Amino acid sequence: MTTPAPPRAVVDLHGRSPWSVLPPLCLGFFMIMLDTTIVNVAVPTLMKDLDADVTAVGWVNSAYLLTFAVLLLVTGRLGDTFGPRPVFIGGLVLFTLASLWCGVSGSVEMLIVARAVQGVGGALMTPQTMSMITRVFPPQKRGAAMGVWGAVAGVATITGPVLGGLLVPIGWEWIFWVNVPVGVVALVFALRNLPSLPTAHRTFDGIGVVLSVVGMFLFVFGLQEGSTYDWGTIRGPITVWGVIGAGVVILVLFGLWQHHRGDDALMPLRLFSVRNFSLANVAGFAVTFAMTGIFFPFTIFLQVALGMTPLHSALVGLGGSLLSGVVAPFAGRLSDRVPAKWIVATGFAVLVGVVWALSVLVAPDVQVWKLVVTMCFFGIGTGCLFSPLANVATSGLDYRNAGAGAGAFNTNRQIGGVVGSAAIVALFTSRLAVEIPAAARTAAQQLPEQARQPFVDAFAHVDQEALAGGAQGSFPLPDGVPASLADQIGRTALDAVHTGLSAAVGQTMTLTVAVLVLGLLSALAMKGVRPVHHEAPPAPAPVDAVA
């Protein structure tokens, strides 16, 4: 183990530019963020090819986000203890191999397991990207470096559906296999360019690991699977709300244990005594919730209600993806010159308006160009968020807590995605069960009187989730329907599904709007000062830079 050195935020790379560390870090981070959204465009395809319902396919995302979120605290501390270089490389190898496994999965259960392992690899990498940037770049260049990092996050997250739309027609497996060549290139750069940095000795918080993992699993499982069990009994005395409550209790115990552990905790609570760090965590939660909360229902709407192919539905967000990549570097550099709170607040204000507009626009007769223009503003909003938030969150971290701080920030950010995925799926499925039958009752008025009640009754006895997934033959014609009415009833049923689905999507998006308002309020409550970086003795700490 390396002997701890005096705390220094900037290290000497023996003449090499600090920018040389960005290629492997950005490539690895690109894959991680890409896989948070790339699955969404393949949801209807996965439901059909793997014979799975919308809740099971929702777990393909949630399993990844869950393992990612609950392990970030551990992996952040691993980076502090063993150095970010070996932890990042180990995570990169695991993530790449798990991507290969995802592509060869023959069932939704196997795919969920492979995605969970993929999340472990992502958790190993993510805190090291922020930690290494914080420790290698001098303060006056850190915002620009975070700008590049933020551009990667924004572009990858919005590019996921676009790339998925290109790959799904070839085969859904390729949305995972595309990571393999990228991972190999990133590994070559990592072995050549990443330096070995001084480490800090920390004792392992095994109890904290168990409490955080168990608590988050119970909490998210209850939210995600609640609708499956009608928010009632799961088995015997075990209920959905009992599971959620147990998760909350365990997470409270985790917080108390972290307070007891002090600086040796997985998530040192003293980090949250800094106002801007705490508020940056709330804002990070909100933006990741929004990224999950918009794409899952919106993609289903585009492909089912509007009848778009996966590629065409993905192209709706292409303009936003490009604009996010353009805006993020400027936002990062600007956060070194003006108070970051105003950049973050602007981004949230834009997103609040965008998601509210989408919730109003979603309808079977919407003009697609309106959705395209709206998604362009979505890209501008996300471009204003990632870099300044990361800059605020990492300000003042020395090498002993750089990994823990990055881990805590990314944990809260990813918890937003986990909770967002669970809450959105739960709300969406519950609204489907209400809105599709309601639309059927309205649409039935177009039918001859003798066909109306059988039509409404038929909708009450079919799987609304299967209808929303576009499953063929999900709506069988009622018994005794004359052939002369069959075509009319088929068209009326289709109109009812599209109308009910659109209403459910719009209502689901209002939850995302509310969370984004929380993020906006958090940004406005931040201190209006430029980020301050701790720099203890000015002399740089020598490192073993890998040639």
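The values are calculated or read from the model by the stated rules, or taken from the named source; none is laboratory data. On a predicted model such as this, the values are computed, not experimentally measured, just so you know. FYI the Cβ positions are ideal-geometry reconstructions off the backbone, even for glycines, and counts take in every protein chain you see.
May I ask you to list the residues in region 31-54 that are outside any loop (DSSP other than H, G, I, E, B) and hydrophobic (A, V, I, L, M, F, W, C)? Selection gives Met31, Ile32, Met33, Leu34, Val41, Ala42, Val43, Leu46, Met47, Val54. Being farther than 24 Å from Gly293 by Cα, among the basic types (Lys, Arg), at pLDDT 80 or above and surrounded by fewer than 15 Cβ atoms within 10 Å (Cβ to Cβ) is a property that does not hold for Arg261.
Let's see how each residue does on (1) of a type in the set (D, E, K, R); (2) assigned to a helix (DSSP H, G or I); (3) over 30 Å from Gly320 (Cα atoms); (4) in contact (Cβ under 8 Å) with a residue 24 or more places away in the chain:
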{"site": "His260", "(1), (2), (3), (4)": "no, yes, yes, no"}
{"site": "Met267", "(1), (2), (3), (4)": "no, no, yes, yes"}
{"site": "Arg270", "(1), (2), (3), (4)": "yes, yes, yes, no"}
{"site": "Phe277", "(1), (2), (3), (4)": "no, yes, no, yes"}
{"site": "Met291", "(1), (2), (3), (4)": "no, yes, no, yes"}
{"site": "Phe296", "(1), (2), (3), (4)": "no, yes, no, yes"}
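Is it the case that region 13-20 has a residue that's touching a Phe, Trp or Tyr at 6+ places or on another chain (Cβ under 7 Å), hydroxyl-bearing (Ser, Thr, Tyr) and either at pLDDT below 80 or surrounded by 20 or more Cβ atoms within 10 Å (Cβ to Cβ) (or both)? Within region 13-20, none of the residues are touching a Phe, Trp or Tyr at 6+ places or on another chain (Cβ under 7 Å), hydroxyl-bearing (Ser, Thr, Tyr) and either at pLDDT below 80 or surrounded by 20 or more Cβ atoms within 10 Å (Cβ to Cβ) (or both). For region 284-325, a tally of residues being crowded, with 24+ Cβ neighbours inside 10 Å, farther than 15 Å from Val54 by Cβ and hydroxyl-bearing (Ser, Thr, Tyr) returns 4. Selection over region 48-58 of residues that are at pLDDT 80 or above and either among the β-branched types (Val, Ile, Thr) or closer than 23 Å to Gly215 by Cβ (or both) gives a count of 1.
Scanning region 410-430 for residues that are modelled with pLDDT under 80 and either touching a strand residue (DSSP E or B) at 6+ places or on another chain (Cβ under 6 Å) or more than 12 Å from Leu223 (Cα to Cα) (or both) yields Asn410, Thr411, Asn412, Arg413, Gln414, Ile415, Gly417. Taken over region 153-170, the criterion of being in a helix (DSSP H, G or I) and either at pLDDT 80 or above or at positive phi (or both) is satisfied by Leu163, Gly164, Leu166, Leu167. Scoring Thr512 on the criteria (1) of a type outside the set (A, V, I, L, M, F, W, C); (2) under 27 Å from the mean Cα position of the chain (by Cα); (3) at pLDDT below 85 leaves a single failure, condition (3). Out of Leu518, Leu485, Leu447, one residue alone is modelled with pLDDT of 80 or more and more than 22 Å from Lys48 (Cβ to Cβ). It is Leu518. Screening region 62-71 for residues that are at pLDDT 80 or above and crowded, with 24+ Cβ neighbours inside 10 Å and picking the one that is nearest to Thr203 (Cα to Cα) gives Leu71.
Counting the residues of region 41-53 that are surrounded by fewer than 24 Cβ atoms within 10 Å (Cβ to Cβ) and either of a type in the set (Phe, Trp, Tyr) or touching a helix residue (DSSP H, G or I) at 6+ places or on another chain (Cβ under 6 Å) (or both) gives 6.
Does region 54-61 include one or more residues that are under 23 Å from Ala408 (Cα atoms) and crowded, with 24+ Cβ neighbours inside 10 Å? Within region 54-61 (the criterion being under 23 Å from Ala408 (Cα atoms) and crowded, with 24+ Cβ neighbours inside 10 Å), the answer is yes, since at least one residue qualifies.
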